[in-house]
Amino acid sequence: MSTSDNSGVDTTGAYRDGLNRWPVFDVEFVLESTDLGDDQCTFYPRNADEEQMLTTWITAAEGDFVTLDDAR
């Protein structure tokens, strides 16, 4: 599985100012292609320990993604 480097992403600051109405989750993600050539994106908690890496995640397959405009 490939890994991403999200360590440079700012987890505080102005972009979060409007988000105080909802829970905020710090997550990492891995975007990879399957053997069939489809993309999938797996999210897991930032700073997850080994057990959390195995049990606390969610994966979205290509075709499951929608734009924000489409969701509205």
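Observations on the structure shown:
- Selection from segment 17-27 of residues that are at pLDDT 75 or above and in a loop (DSSP other than H, G, I, E, B): Pro23, Val24, Phe25, Asp26
- Residue list for segment 47-72, restricted to those being of a type in the set (D, E, K, R), loosely packed, with under 13 Cβ neighbours inside 10 Å and not in a helix (DSSP H, G or I): Asp49, Asp64, Arg72
- If you go through segment 28-43 and keep only what is hydroxyl-bearing (Ser, Thr, Tyr) and either modelled with pLDDT under 90 or touching a Gly at 6+ places or on another chain (Cβ under 6 Å) (or both), you end up with just Thr34.
The values are calculated or read from the model by the stated rules, or taken from the named source; none is laboratory data. The structure presented is a predicted model; accordingly, all values stated were derived computationally and were not measured. Every residue, glycine as well, gets a Cβ built from its backbone with ideal geometry; the counts of neighbours run over all protein chains shown.
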